[in-house]
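Everything on this sheet refers to the single structure shown next.
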Number of protein chains: 4
Amino acid sequence: MSSIQSQREAFYGRADTQSLAPLWTRLKSLVPEAPVPACVAHQWRYEDVRPYVLESAEHISAKEAERRVLILENPGLHGSSQITNSLYAGLQLIMPGEVAPAHRHTQSALRFIIEGSGAYTAVDGEKTLMEPGDFVITPSWTFHHHGNETNAPMVWLDGLDIPLVALFNSTFREDYPAEEAPVTRPAGDALARYGSGLLPVGYQAGSLNSPVFNYPYARTREALHALTRGSEPDAHAGYLMRYVNPVDGGWAMPTMSTTIRLLPKGFATQGYRSSDSAVFVVVEGRGRLQMGDERFELAPHDVVVVPGWTKYTLHASDDLVLFSYSDRVAQEKLGFFREQRL
Amino acid sequence: MSSIQSQREAFYGRADTQSLAPLWTRLKSLVPEAPVPACVAHQWRYEDVRPYVLESAEHISAKEAERRVLILENPGLHGSSQITNSLYAGLQLIMPGEVAPAHRHTQSALRFIIEGSGAYTAVDGEKTLMEPGDFVITPSWTFHHHGNETNAPMVWLDGLDIPLVALFNSTFREDYPAEEAPVTRPAGDALARYGSGLLPVGYQAGSLNSPVFNYPYARTREALHALTRGSEPDAHAGYLMRYVNPVDGGWAMPTMSTTIRLLPKGFATQGYRSSDSAVFVVVEGRGRLQMGDERFELAPHDVVVVPGWTKYTLHASDDLVLFSYSDRVAQEKLGFFREQRL
Amino acid sequence: MSSIQSQREAFYGRADTQSLAPLWTRLKSLVPEAPVPACVAHQWRYEDVRPYVLESAEHISAKEAERRVLILENPGLHGSSQITNSLYAGLQLIMPGEVAPAHRHTQSALRFIIEGSGAYTAVDGEKTLMEPGDFVITPSWTFHHHGNETNAPMVWLDGLDIPLVALFNSTFREDYPAEEAPVTRPAGDALARYGSGLLPVGYQAGSLNSPVFNYPYARTREALHALTRGSEPDAHAGYLMRYVNPVDGGWAMPTMSTTIRLLPKGFATQGYRSSDSAVFVVVEGRGRLQMGDERFELAPHDVVVVPGWTKYTLHASDDLVLFSYSDRVAQEKLGFFREQRL
Amino acid sequence: MSSIQSQREAFYGRADTQSLAPLWTRLKSLVPEAPVPACVAHQWRYEDVRPYVLESAEHISAKEAERRVLILENPGLHGSSQITNSLYAGLQLIMPGEVAPAHRHTQSALRFIIEGSGAYTAVDGEKTLMEPGDFVITPSWTFHHHGNETNAPMVWLDGLDIPLVALFNSTFREDYPAEEAPVTRPAGDALARYGSGLLPVGYQAGSLNSPVFNYPYARTREALHALTRGSEPDAHAGYLMRYVNPVDGGWAMPTMSTTIRLLPKGFATQGYRSSDSAVFVVVEGRGRLQMGDERFELAPHDVVVVPGWTKYTLHASDDLVLFSYSDRVAQEKLGFFREQRL
């Protein structure tokens, strides 16, 4: 070690006692030239993971678990409970007769329904019955519980902003004193009230989340197919729509962007990348997602992660419908979002 | 006349030659203490005016008239072509086989469908078929024409911001070179694209009007009835909803506020007044609108004007559905809007 | 008169009894192809009108007059008390020792200071001392009075949205029970609090007007001259700046756009027109405003009206500073504004 | 281990091979009931750290270091280069004649000037001379370099959103091909253009940061003292102002909230806490910051960290001026911000 270097090292040692550290030895790693992959590309085939999800019911009840969920943990972030650098995903199972007890937390949650029909989520005093393809929101700090009064298991994907809340260290959680929070409004009330092209005169939003908390797939699917009759698909995205908060026209949730897209049979996108890592869920159809040499064959209910700033293309073997969520909305608000059409 | 007064008068005369005038002789009338009624309360019973509307077809064709409309002219503003101090209304008739030729203008128009089923309005490249109770928007400066390919006459109410545009003297109008402007998108495209809880990613609004240009009554009616199951009616308004621009959650049009409300059978509102003069259209049901001693019995398709800052109450004999439009949105933007719940 | 025409006329007569009128006989005049000049171009030379303003003090006191103002009445709108199709202007005089008593009204007012130094306006509990070139706001519905504790007369231009409020018929006015409303905050408080690049944490605006109610010319002038060192003037406007509401970055007032511009000596603009009629006040310097064949030689304190959609050019003989106000902000909000660079 | 537990463990092991993990064993730690302290309260006394800052010049040049900064590293986050859970801070030194070479990055930076007078930062083509107490912004992705053409060392505090950008993994950095990026506008241009109560007509912001990139302390200090004459201090905060983006009235930067406050001599705040961890810098005066039993005596230029959701009080021995920055603006946008006045 040179004399200069050894003097520097001695200085660093003394500085450390004052909670001071040299920037210059760390600058390039603290402020990298381009995104440094954290999470990795990965696919969870539903046919592979479904048996585990169902088996989980043999090991624990919804009540004991509070939420019986298998976390989809990114292989590049083992032990982190994260599916991407900033987001969480899990598959939740609720069996006939079970109730996942009521609580609330700072973390916002989305549910994307995978299989089963007619179990409910109760959010903020309203129950909504869930069907495959429905997109359901549990806004930050609203009491919610789930229940299954049908005869079949119900499985959905949970997406949460847990790592974001953790970074900001602004977490709060509260259990409701009873298993179920009271239900005071009939099913469909929020959709009628806020999601029919109308809003109550004088309505003031109570949160940054959409007051429509179930976007039924029946309506979404019809909209997607209507688009195919009136315009060409976007070359980089297909027929790509975002779920919207009717109160301000922004994204439906304040921390997670949610989109749905249709790629007509045979359509292939051109290369695209963006700074947000995205989680894709196959809603209908089959196709292929390709990132460089990595190639994922897509089947219904599969979940795939595309790390941020990774170029990818999509190809539809059938009419292919994909749901997706990412932290794009947060990146846009903070000025971080970038995208590139190739 | 006193000497002082005569000197003043002389001064006023000299000042007038310089295009100068004393404020103090006019202050109280220029800046009144409270709204000075301009328009008057008035009702057009549909059973009375319908024969005139139909007779108009005997006198002129839609093509010759460009728009075959009978203006609902406020009796307090005779000759003004206005229904209120700031707005216009008319009843438009289009007969089977007719086309009202394409043009565009700065003025925004709303259509509220009164009778007939299935005639169309073509706006900005899309035809929409109109049914009773539908609320249809023709945004500022978009080419539009109307046609009736059915076997029955079609009648709707037109509401326009003609007096507003006149005050600002910012009017532009252009006829399309052909009778019909091209239709490039299938019916329902705008509703699917912008009115299903979704928006295209990256969509930039081209105007301040809602891109959803037909709010079908079937959906609106269902929403209104859903409300009755989940909450009590507002004491001063009933179940009152506003049509919304999905792009920003604001009013559907930039110059005219549009609302729809349901009053359950037997419900009576408490007194209310606001600074905007409003035009009410009875969609369904019967009831009563009372302003002081003036009492209007309401039947389907009747049109009633409530002048600004006039206290009124509503009473529903049946389930009563009322559409309404006013300049409230403009007053809100300019800081003029006031309301009072009595 | 043909038989058809006579039948039509008979129909119109019968329809009129029902408060119905044919649109087709009026359509072209109600919805013209382009703005129809209402106000005319006009100049008030300050050297001509100043004697009248000063003479007004011989005829009436500020107290008796409430506001001793000579209205600048557009020659094309005689008797209307308007300077343009939508706005009002007047020259207000306040003599040493006088107070113009406190009142408030829906109408918003701007003051642009012409001559004198140090008289005050008290707005919402704060007095501000006025200097030539200062732009002062009296927001809608705030108590205000004016006083002159100096030894010289004070003259300023008043701009109000009286015709706008009249159209919407949303006027309210209230006199304060005493001549002067209480002053509770020191001079300069609003500028310090809201106009120094800072805002109080948690501040909620109480109106759509800027909380900064005096934009001192000393600061404005310095900013204008700084611009000349860092960029070229805009070819159609010179160095053109708008007064800003610090709360939202929008125009300083909700109904009247206010701007100030500097044209360097010798600079001439290219042709420009916009849909808003504008009132110009010469702050400093001399120059020329030309509209087609009409040519106005500009000297300090002159007031000139440019009707909407009229092409004009400006030429600066000296460094020329012009203040201007118009209804542009209202037109923008309502979707009416258009401009053309020639 | 019970049989149930061992079966569960076996299941977890098998699930792990599929990148699946049970939520129920982690739920309470992933979604805690309240913020879990990450960073700790800490004070850097300027008299202690100043010698280290100056000594750093003996070990490395600004050019070699690119930025010669000693990171203020939170003792609770050793090795992280962070001062709080989400933000970075450092003290940067630039010696006479030195230039810190031009680069740009996604990370936004703030500078708060500690000592020295007249060195410059060049941002986006404009140099600004820095004085103690000035708040200077380097927006995301704008080229910037620093230089010292004076005879004395210059020290300022750097605040950056490095950990935020890292979480979102949206980092980009680029070195300018030369040591200095070109300077094309005179000093003071941005302040004149955007910070004088005016904005250029038609100005469109190019980023989410304020276009005013130097908020001079001379103006800020005058504003703070003006406040003391017109109102009482807030019981929990003193005279607390936020730096504002004139384009929209929001916080000056999209990821870091910046405030300045004055506590008059003898004033003591009541307890307060909020969900954002804050960095305080003493600008003028002496006083005390107390968190429970921890008590920090404040002297000019000291830096103190208050962890989020920690109750604190302030006491002013002299007129005490404190600058502060935190991630509050990001928390507000994402719906995470909470505060409590005790």
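Starting from residues that are part of a loop (DSSP other than H, G, I, E, B) and within 11 Å of another protein chain (Cβ to nearest Cβ), keep the ones in region D:102-140 and report whichever is nearest to the chain's Cα centre (by Cα). Looking at residues that are part of a loop (DSSP other than H, G, I, E, B) and within 11 Å of another protein chain (Cβ to nearest Cβ), I get D:S108. When A:E55, A:E33 are screened for being under 25 Å from A:R328 (Cα atoms) and over 16 Å from the mean Cα position of the chain (by Cα), only A:E33 passes. Against the conditions (1) open to solvent by less than 10 Å² (accessible area, probe 1.4 Å); (2) touching a Ser or Thr at 6+ places or on another chain (Cβ under 6 Å); (3) not small (G, A, S), C:L87 satisfies every one except (2). Taking A:E149 as the residue in question, decide whether it is buried (at least 21 other Cβ atoms within 10 Å of the Cβ) and either in contact with a Leu (Cβ under 7 Å, 6 or more places away or on another chain) or among the acidic types (D, E) (or both). Criteria not met by A:E149. Filtered by the rule that a residue be among the aliphatic types (A, V, I, L, M) and more than 22 Å from A:K311 (Cα to Cα), region A:231-249 gives A:V244, A:V247.
Residues are listed down the side, and each one gets a yes or a no for (1) at the interface with chain D (Cβ under 7 Å from one of its Cβ atoms); (2) at pLDDT 95 or above; (3) touching a Leu at 6+ places or on another chain (Cβ under 8 Å); (4) farther than 21 Å from D:R26 by Cα:
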site	(1), (2), (3), (4)
A:D16	no, yes, no, yes
A:P22	yes, yes, yes, yes
A:S29	no, no, no, yes
A:E33	yes, no, no, yes
A:L54	no, yes, yes, no
A:K63	no, no, no, no
A:E66	yes, no, yes, no
A:L70	yes, yes, yes, no
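The lone criterion from (1) out of contact with any Asp or Glu (no Cβ under 9 Å at 6 or more places or on another chain); (2) within 28 Å of D:G13 (Cβ to Cβ); (3) in contact (Cβ under 8 Å) with a residue 40 or more places away in the chain left unmet by A:T84 is number (1). Of the residues making up region C:152-189, those that are at negative phi, assigned to a loop (DSSP other than H, G, I, E, B), of a type outside the set (A, V, I, L, M, F, W, C) and open to solvent by 10 Å² or more (accessible area, probe 1.4 Å) are C:P153, C:Y176, C:P177, C:E179, C:E180, C:P182, C:T184, C:P186. Could you say which residue among C:V99, C:V183, C:V165, C:V155 is under 24 Å from C:E222 (Cα atoms) and hydrophobic (A, V, I, L, M, F, W, C)? Exactly one residue qualifies, and that residue is C:V155. Scanning region A:1-39 for residues that are touching a strand residue (DSSP E or B) at 6+ places or on another chain (Cβ under 9 Å), surrounded by fewer than 15 Cβ atoms within 10 Å (Cβ to Cβ) and of a type outside the set (K, R) yields A:E33, A:A34.
Across region D:234-263, what is the total count of residues that are assigned to a strand (DSSP E or B) and open to solvent by less than 30 Å² (accessible area, probe 1.4 Å)? Counting residues in region D:234-263 that are assigned to a strand (DSSP E or B) and open to solvent by less than 30 Å² (accessible area, probe 1.4 Å) gives 12. The conditions of being open to solvent by 10 Å² or more (accessible area, probe 1.4 Å), within 14 Å of chain B (Cβ to nearest Cβ), within 23 Å of C:R111 (Cα to Cα) and among the acidic types (D, E) are met by C:E332.
Restricting attention to region D:72-90, the residues that are within 14 Å of the chain's Cα centre (by Cα) and more than 8 Å from chain A (Cβ to nearest Cβ) total 5.
Any residue at all in region D:231-239 that is touching an Asp or Glu at 6+ places or on another chain (Cβ under 6 Å) and either among the hydrophobic types (A, V, I, L, M, F, W, C) or more than 7 Å from every other protein chain (Cβ to nearest Cβ) (or both)? I'd like the intermediate steps shown before the answer.
Of all residues in region D:231-239, those touching an Asp or Glu at 6+ places or on another chain (Cβ under 6 Å) come to none.
Scanning region D:231-239, I find no residue that is touching an Asp or Glu at 6+ places or on another chain (Cβ under 6 Å) and either among the hydrophobic types (A, V, I, L, M, F, W, C) or more than 7 Å from every other protein chain (Cβ to nearest Cβ) (or both), so the answer is no.
Out of the residues in region A:290-313 that are of a type in the set (D, E) and farther than 25 Å from A:I113 by Cβ, which is surrounded by the most Cβ atoms within 10 Å (Cβ to Cβ)? Going through the qualifying residues, I end up with A:E294. Here D:T128 qualifies as closer than 22 Å to D:V321 by Cβ and open to solvent by 10 Å² or more (accessible area, probe 1.4 Å).
Could you list all residues from region D:319-342 that are in a loop (DSSP other than H, G, I, E, B), farther than 16 Å from D:C39 by Cβ and modelled with pLDDT of 95 or more?
Our first condition is that a residue be in a loop (DSSP other than H, G, I, E, B); within region D:319-342, this holds for D:319, D:327, D:335-338, D:342.
Narrowing further to those that are farther than 16 Å from D:C39 by Cβ: D:319, D:335-338, D:342.
If the condition is that a residue be in a loop (DSSP other than H, G, I, E, B), farther than 16 Å from D:C39 by Cβ and modelled with pLDDT of 95 or more, then D:D319, D:G335, D:F336, D:F337, D:R338 are the ones that fit.
Counting only residues that are among the small types (G, A, S), surrounded by fewer than 23 Cβ atoms within 10 Å (Cβ to Cβ) and within 9 Å of chain C (Cβ to nearest Cβ), how many does region D:193-222 have?
Here is the first cut: in region D:193-222, the ones among the small types (G, A, S) are D:195-197, D:202, D:205-207, D:210, D:218.
Pick out the ones that are also surrounded by fewer than 23 Cβ atoms within 10 Å (Cβ to Cβ) and you get D:202, D:205-207, D:218.
Still in the running and within 9 Å of chain C (Cβ to nearest Cβ): D:202, D:205.
Of the residues in region D:193-222, 2 are among the small types (G, A, S), surrounded by fewer than 23 Cβ atoms within 10 Å (Cβ to Cβ) and within 9 Å of chain C (Cβ to nearest Cβ).
Kindly indicate whether any position in region C:264-272 is assigned to a loop (DSSP other than H, G, I, E, B), crowded, with 17+ Cβ neighbours inside 10 Å, free of Cβ contacts under 8 Å to residues at least 12 places away in the same chain and on the phi < 0 side of the Ramachandran plot. Looking through region C:264-272, none of the residues is assigned to a loop (DSSP other than H, G, I, E, B), crowded, with 17+ Cβ neighbours inside 10 Å, free of Cβ contacts under 8 Å to residues at least 12 places away in the same chain and on the phi < 0 side of the Ramachandran plot. Give region A:212-224 a look and list any residue that's in a helix (DSSP H, G or I) and touching a Phe, Trp or Tyr at 6+ places or on another chain (Cβ under 9 Å), or say none. Result: A:Y217, A:T220, A:L224.
Quick check on my filter: what residues within region A:40-51 are assigned to a helix (DSSP H, G or I) and either surrounded by fewer than 19 Cβ atoms within 10 Å (Cβ to Cβ) or more than 9 Å from chain D (Cβ to nearest Cβ) (or both)?
Within region A:40-51, the subset assigned to a helix (DSSP H, G or I) is A:46-51.
Those that are assigned to a helix (DSSP H, G or I) and either surrounded by fewer than 19 Cβ atoms within 10 Å (Cβ to Cβ) or more than 9 Å from chain D (Cβ to nearest Cβ) (or both): A:Y46, A:E47, A:D48, A:R50, A:P51.
The combined condition, being buried (at least 23 other Cβ atoms within 10 Å of the Cβ), over 20 Å from D:L198 (Cβ atoms), modelled with pLDDT of 95 or more and within 14 Å of another protein chain (Cβ to nearest Cβ), is not fulfilled by C:G287. Looking at region D:314-325, is at least one residue open to solvent by 20 Å² or more (accessible area, probe 1.4 Å) and touching a helix residue (DSSP H, G or I) at 6+ places or on another chain (Cβ under 9 Å)? Yes, some residue in region D:314-325 is open to solvent by 20 Å² or more (accessible area, probe 1.4 Å) and touching a helix residue (DSSP H, G or I) at 6+ places or on another chain (Cβ under 9 Å). For the subset of region D:61-80 comprising residues that are of a type outside the set (S, T, N, Q) and over 23 Å from D:N148 (Cα atoms), which member is surrounded by the most Cβ atoms within 10 Å (Cβ to Cβ)? For region D:61-80, the residue satisfying everything is D:E73.
The values are calculated or read from the model by the stated rules, or taken from the named source; none is laboratory data. Computed from a predicted structure; not experimentally measured. Methodologically, a virtual Cβ is constructed for each residue, glycine included, from the backbone with ideal geometry; neighbour enumeration extends over all protein chains shown. Quick note on the areas: whole protein, heavy atoms, side chains included, nothing else; ligands and nucleic acids left out. Shrake-Rupley method; radii C 1.70, N 1.55, O 1.52, S 1.80 Å.
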